[in-house]
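Readers should treat all values here as calculations from the given coordinates under stated rules, not as data from a laboratory. Small disclaimer: the values here were computed from a predicted structure and weren't measured. Positions of Cβ are backbone-derived with ideal geometry, glycine not excepted, and every protein chain shown enters the neighbour counts.
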Amino acid sequence: MLGGHLKFMKAIRWASSVKNALRRGVFPHEMSFFLDLPWRNIMLSPRKLVARLALTATSHVLEVGAGSGFYSMEVARRVSEGHLELLDLQPEMLKKAQQKLEAKGLSNVGYTLADADLLPFKEDSFDALFLVAVLGEVANQKAFLSEARRVLKPGGMLSISEHLPDPDFSPFAKVKSLVEKEYDSFQTLLVSPERFQIFSCIS
C-alpha cells in the first residue's frame, strides 16, 4: 500500500517537472538529463561554441546558467591553465555539473550559486562570459548586461546564444535591441531566426 502511494507521488512529481520544463521560467533540475541529450549538438555543439569564443589556455571564463554542464567540460579543457566559473540559480544543477567535471579530472572550475543580474565578482575578472539558451530566464536582463560589462576585462567577450525549442527563446531582434542599448559595438552570427549568437567585445 505504502509502496504504491510512493510510486504515485513520484509520478506526480515527474509530471510536474515535465510540465515546468515545457513552460517559460527556470528549467527544473529534475529534468537536467534533457540538457545532456545529443540533439543539443545539432543546435550548438560545445566544440563549436569554444571555437567561437576564441579562448586561450590561460583564459578566465564565466558561464552563466551552466545547468548540468553540457558546455562546461569542453570549455574547462580549453582553459587548462586558466579558470572556468559556473554560475547557476539551482544548487542541484551546480552539484550535477560538479560531479560530471570532477569525474573527468577537471579541477580548474569554480561553482557559484547566484542570480545573473547581481554577479558576485570583482570588476575586470573574466576574459569571456557566455550563456546559451539562458537569457530568457534572466528576470532583469538590463541589469545582467550591465553586470556582464562590469566583470569582463577590457577586450573581454560577452557571448549570448539563443535557439529553439527553448521555451524561453529570446528573438533575435529583442536581444539585438538589448545589447545595442548597453554596448557600443557587437557582432552577430545569425544562422537562422531560430538560432543565433551575439558577441560583444568590451572596450
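Here the Karplus relation 6.51 cos²θ - 1.76 cosθ + 1.60, evaluated at θ = phi - 60°, turns the backbone of segment 118-133 into coupling constants of 8, 6, x, 10, 6, 4, 6, 8, 10, 7, 8, 9, 9, 8, 10, 6 Hz, with x for every Gly and Pro. Scalar couplings 3J(HN,Hα) for segment 157-167, obtained by applying the Karplus form with A = 6.51, B = -1.76, C = 1.60 to θ = phi - 60°, are 10, 9, 10, 10, 10, 9, 7, 7, x, 4, x Hz; x denotes Gly and Pro. Extension gain for the segment residue 54 to residue 153, taken as residue separation times 0.36 nm less the Cα-Cα distance, is 34.2 nm to one decimal.
Relative to the present Cα-Cα distance, how much length would full extension add between residue 201 and residue 100 at 0.36 nm per residue of separation?
Full extension from residue 201 to residue 100 adds 33.3 nm.
The distance between label points at residue 182 and residue 37 comes to 3.0 nm (points 7 Å beyond Cα on the Cα→Cβ vector). Annotation: amide H-H contacts under 5 Å for residue 111 (H modelled 1.01 Å from N, sequence separation of 5 or more, or interchain): 86. With neighbour counts taken as other beta-carbon atoms within 10 Å, the residues 194, 137 rank, fewest first, as 194, 137. Loop-resident trypsin sites (Lys or Arg not before Pro) (DSSP state other than H, G, I, E or B) in segment 38-114 with no more than 14 further Cβ atoms inside 10 Å of their Cβ: 104.
With contacts taken as Cα pairs under 8 Å at a separation of at least 6 residues, segment 120-175 carries a relative contact order of 47 percent. Computed from the C-beta positions of residue 168 and residue 143 and an R0 of 22 Å, the FRET efficiency is 0.80 to the nearest 0.05.
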